[in-house]
Structure formats: structure tokens, C-alpha cells
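The values are calculated or read from the model by the stated rules, or taken from the named source; none is laboratory data. This structure is a prediction, so every number in the text was calculated from the model and none was measured. Here the Cβ is made from the backbone with ideal geometry for all residues, glycine too, and neighbour counts use every protein chain on show.
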Amino acid sequence: MKTFFFYTLFFATSVIQAQNLSGQWQGILTQPGKRDTFQYAINISQQGQTIAGTSRSSTPDGRTEAAFTLTGFWDGTQLVLQEVEQTLPPNAGWCLKYATLRLTTDAAVETLSGNWRADGCSPGQMTLRRQFTTRTVEVEKEASFTWAGRWTGQLSQSDRDYGFFYELELPAAAGMGTSYIESEDNGGSATHQLTWTFNAQDSTFTLQESDIIRKTDPRWKWCIKTATLRLRREGGRFVLAGNWSGYIEGFTPQTGRCASGTVYLEKPVITRTFREVEREQSQAYEASEHREVRIQRVVEVQRPDIRIKVWDNGIVDGDIATLFLNGKRILHQYPVTKQKRSIPVKLQANDNFLVLHADDLGDIPPNTVAVSVDDGVREQVIIMSSDLKSSGAILIRQFKVE
């Protein structure tokens with residue numbers, strides 16, 4: 001009897017976990033009797049039965065759109081969503097929608113569908129999908145999660161109008177690692193020693209930085225940070241996101257507290273497809289350029305016709321960069337400035353490899369630039385970092401809702 005009870009409890013827990021809705025869902029929103037069909041997407045995080053996140057609604061041509069914050073509740077079969085505030089554009093005018101959606105799974109496609117309504121607006125239907133191909137589902141079974149590896153992203157600080165490139169390097173040995181931070185303004189970069197723990201009950205990852213191993217500007221005082229981040233899965237990437245606090249090196253938490261901020265980190269889901277693409281593209285690039293490739297992010301796009309934009313989001317210090325897409329040079333020795341350089345691209349493959357090659361590190365090494373991938377539905381911004389020994393890369397995947 002005890003064995004049966006344990007198995008039943010384990011199975012029930014597994015089912016609940018399998019129904020976690022965290023991540024991005026995309027689809028359409030309609031109103032009966034009206035010709036307009038709106039593109040609609042939500043990016044949500046689920047903690048237990050509580051839902052929080054953002055939504056975005058746009059016309060099919062992408063020229064008119066609005067963004068919202070939302071909250072919700074998931075009872076295992078029904079999702080209730082409520083948009084609570086319009087964040088973009090700042091002036092009101094769009095419907096604040098309340099939706100009741102049911103989850104269905106057909107083959108490899110998960111669908112949320114149901115009715116929506118809003119005060120002062122005609123009610124309608126909403127359909128959102130999170131799709132994985134059969135091939136993807138099969139190879140995912142071979143990709144077990146591991147903390148080891150490189151987690152890459154951004155860090156913000158509440159008293160700064162600029163941000164930081166932030167990266168964790170976690171070895172196979174549990175509980176240890178290093179962090180690398182690079183300022184988009186003054187300060188250069190620094191590497192910290194750290195320890196970390198993970199609480200599986202609430203998916204909370206906690207890191208504690210300690211000693212500074214090295215830094216490029218000996219005069220600059222860095223924050224020694226403690227961060228509490230939550231782990232979630234979004235399509236082809238694992239995400240760690242949350243808040244950090246800390247104190248200035250040489251002080252204590254009582255005598256030199258830093259202004260706090262947020263952390264966002266990603267690590268690609270390593271599947272057979274991912275390894276094949278990484279191996280093929282990396283070998284070709286490394287053979288011709290003699291530099292290591294580091295995949296820093298995975299982004300998903302809904303259309304093959306995209307725009308890749310590049311600019312310097314920090315101090316313009318003379319960085320010169322070249323961009324390669326699937327081995328083809330699409331930008332050559334470009335002096336990176338505050339002005340965005342836009343490059344139209346038509347993707348020919350499902351998995352596409354974008355490499356940032358540093359030609360000149362400028363006055364403040366390494367070469368750190370902002371790159372965005374815009375598919376007409378949304379623009380995804382990534383801070384990429386490269387030097388003369390290694391090059392940052394992005395895997396761009398086509399993700400279509402049919």
C-alpha cells in the first residue's frame with residue numbers, strides 16, 4: 001500500500017509539473033462580425049497556480065501594437081487571464097482583456113483557446129499555441145538538464161541608466177562557479193568567484209559572489225552580489241531571472257550597500273539538433289577565423305523575413321565588428337555606433353547561426369554590442385560579447401504557429 005501511494009503521489013506531481021504553462025504562447029485574437037484579426041502573444045511565468053507576465057497585441061502588418069501586464073490563475077484545466085495595465089503605447093485606447101482558456105494537446109501541439117471580453121469592447125475568441133515538432137520531442141528526451149556550462153544575459157541596476165553584460169560559468173562540480181560582468185559604461189569588466197544552491201521545491205537558484213578574481217580597471221569598485229533567480233523553460237532555452245542585491249567591494253553590507261537590480265540569464269537546451277548545428281557551424285568558423293565560438297542565446301522567430309540590427313548600447317569606444325550568418329558575412333568591419341544598423345535577412349534554414357566577430361576591441365575590451373532580431377511580430381534584444389580569442393553567437397530558430 002505504501003509503495004502504491006508513493007507511486008500515485010509521484011505520478012500526480014509529475015502531471016502537475018508537465019502542465020506548467022511558463023513561457024511564450026503565440027496566436028490570434030478575433031471579434032465576431034469584424035474583419036480584423038490581431039496577432040496576440042503572451043509571455044508568462046507560473047508559480048503553483050498563480051500566473052504573471054506580459055502580453056502583446058498587434059495588427060497583422062505589425063504597424064500598430066500595444067503591450068500589457070497581466071495576471072492569471074491556472075487550475076489544471078482552465079487558464080484565466082486578466083490584462084491589468086497597458087504599458088505601451090503610454091496612452092490608453094486598447095481593450096484590457098479578460099480571457100478564459102482551455103488547454104488541449106493534439107500530437108505535438110499544445111493549444112490554449114477560449115473566449116475573451118473587455119469593458120467597452122466586443123467580445124471574441126482567442127487561440128494561442130506552443131508547438132514542438134515530433135522530431136524535437138524525440139531528441140529532447142536525450143537532452144537531460146545540467147547546471148554545468150555558460151549562462152549568459154544581462155544585469156540592471158536601479159541607479160544606472162545603462163546595463164551590464166552578465167555571465168555565469170558553472171563547472172561540473174556542484175555549488176561552485178564564476179561570474180563575469182562587463183559594464184556598458186565606465187568600469188570595464190570583472191570576474192568573481194561564487195557559490196550557489198538550488199531549491200527544487202520552488203525552482204529557486206541562489207548565488208553568492210565572493211572574491212574578485214580579476215578586473216580590467218583597478219580603480220573601479222564592483223558590487224559583490226547575491227541573487228535569487230527562478231528557473232524556467234522557454235522553448236529552446238532555460239532561463240534564470242530575478243533580483244539581486246549587494247555591497248561595494250572593500251565595504252560591508254551595512255557600510256556600502258549597492259543599489260539593487262535584476263538579472264536575466266539564458267542557457268540553450270542541448271539537443272541532438274543543437275549539437276549538430278553547433279558542431280557544423282563552429283568548425284567552419286573556427287577553421288577560417290581561428291577563434292572559439294560560444295553560443296550565448298537562442299531566439300525563436302515566426303517568420304523567415306527578419307531584420308538584424310546592431311548598435312552600441314553603452315559607451316561608443318571604437319568597437320569594430322563583423323557579423324556572419326550561417327557562414328556568410330552580412331556585415332563587414334562595421335564601426336559600431338549608437339545608431340542602429342539594420343540588415344534585412346531571409347532565413348533559408350530552420351536553425352541559423354549568427355556570429356559576432358570582433359575586428360577591433362576599441363578602448364574598452366572586450367567587444368560588446370547590442371544585437372536585435374526583429375521578425376515583425378516582436379524585437380528580441382541580446383547583448384553579445386566577443387574578443388580576439390572567442391566569438392559570441394546566437395542560434396536563430398524558425399518557430400511557426402500553424
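Filtering segment 64-102 to residues that are surrounded by 13 or more Cβ atoms within 10 Å (Cβ to Cβ) and outside any strand (DSSP E or B) leaves Trp94, Cys95, Leu96, Lys97.
Where strands (runs of 3 or more DSSP E) fall entirely within segment 154-236, those with at least 2 residues that are polar (S, T, N, Q) are at 176-183, 189-199, 204-215, 223-234. Per the listing Thr152, Thr134, the residue uniquely over 27 Å from Gly48 (Cβ atoms), crowded, with 17+ Cβ neighbours inside 10 Å, out of contact with any Cys (no Cβ under 8 Å at 6 or more places or on another chain) and at pLDDT below 90 is Thr152. In segment 342-351, of all residues being part of a strand (DSSP E or B) and at pLDDT 90 or above, the one that is surrounded by the fewest Cβ atoms within 10 Å (Cβ to Cβ) corresponds to Lys346. Glu276 satisfies every condition listed in (1) buried (at least 16 other Cβ atoms within 10 Å of the Cβ); (2) under 30 Å from Thr322 (Cβ atoms) except (1). Take segment 329-357 and flag every residue that is within 26 Å of Gln302 (Cα to Cα) and of a type in the set (Phe, Trp, Tyr). Within segment 329-357, Phe353 is the sole residue that qualifies. Close Cβ contacts (under 9 Å, 6 or more residues apart or on different chains) running from residues in segment 268-281 that are at pLDDT 70 or above to residues that are surrounded by fewer than 18 Cβ atoms within 10 Å (Cβ to Cβ) and in a helix (DSSP H, G or I) comprise Val269/Glu140. Being crowded, with 17+ Cβ neighbours inside 10 Å, over 27 Å from Val299 (Cα atoms) and basic (Lys, Arg) is the requirement here; does Lys267 meet it? When the stated conditions are applied, Lys267 does not pass them. Within segment 186-202, residues that are touching a residue at least 12 places away in the same chain (Cβ under 8 Å) sit with their Cβ atoms under 9 Å from residues that are part of a loop (DSSP other than H, G, I, E, B) and of a type in the set (Lys, Arg), at 6+ positions apart or across chains, in these pairs: Gly187/Lys221.
Looking across segment 161-181 at every residue that is within 17 Å of Phe198 (Cβ to Cβ) and small (Gly, Ala, Ser), the one that is nearest to the chain's Cα centre (by Cα) is identified as Ser179.
Inclusion of Gly242 among residues that are without any contact (Cβ under 8 Å) to a residue 60 or more places away in the chain, in a loop (DSSP other than H, G, I, E, B) and among the small types (Gly, Ala, Ser) is not warranted. Of all the residues in segment 47-61, those that are exposed (fewer than 15 other Cβ atoms within 10 Å of the Cβ) and over 20 Å from Arg233 (Cα atoms) number 3. Of the residues making up segment 301-327, just one is surrounded by fewer than 13 Cβ atoms within 10 Å (Cβ to Cβ) and at pLDDT 90 or above, namely Asp305. Hey, any hits in segment 261-271 for a residue that's part of a strand (DSSP E or B), among the aromatic types (Phe, Trp, Tyr) and more than 18 Å from Glu167 (Cα to Cα)? No: zero hits.
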